[in-house]
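These notes are about the structure you will find just below.
Values quoted throughout were computed directly from the atomic coordinates according to the rules given, and no laboratory measurement underlies them. What you see is a predicted model, and the numbers here were worked out from it, not measured in a lab. Glycine gets a Cβ as well: all are built from the backbone with ideal geometry, and neighbour counts include every protein chain shown.
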Amino acid sequence: MKRILLLPILAISLLPVFAHAQYTDVLDDTATEVYGSTTADSGDLTYVVGSIISVALSVLGIVLLIFMLYGGFLWMTAGGDAEQVKKAKTIMINATIGLIIVLASYAIANYVIAQLVAANLAS
């Protein structure tokens, strides 16, 4: 049984070795030809705001992970106490909702900042 499972696992683990993919920067070259530059200046307002938003959302993600771990710990140590299990479930549900909100805000912020940078580079 172990040999049957070992062969597919070994084959899957070797897949990256056989995929000789190369990075091509055709899009970067095209953007450089059209806009003159593909990166924002580090002193640019959109770059600074984007960095602040990225750091804030990363910190929120870590906080949400801590809440999930705390809720799981409460649930595991409830010892049959229905009130503590209910509290743990509430914490974990709220952390999941918070995670969805953070992911959605990251996607929206990433899109808006990309559009601002593209508009800034075009002008």
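Compute the length gained on full extension between Asn110 and Ala56: take 0.36 nm times their separation in residues and subtract their Cα-Cα distance, giving the result in nm to one decimal.
So the extension gain works out to 18.2 nm.
Quote the FRET efficiency, to the nearest 0.05, computed for Val48 versus Asp81 with a Förster distance R0 of 30 Å and r equal to the Cβ-Cβ distance.
My answer for the efficiency is 0.05.
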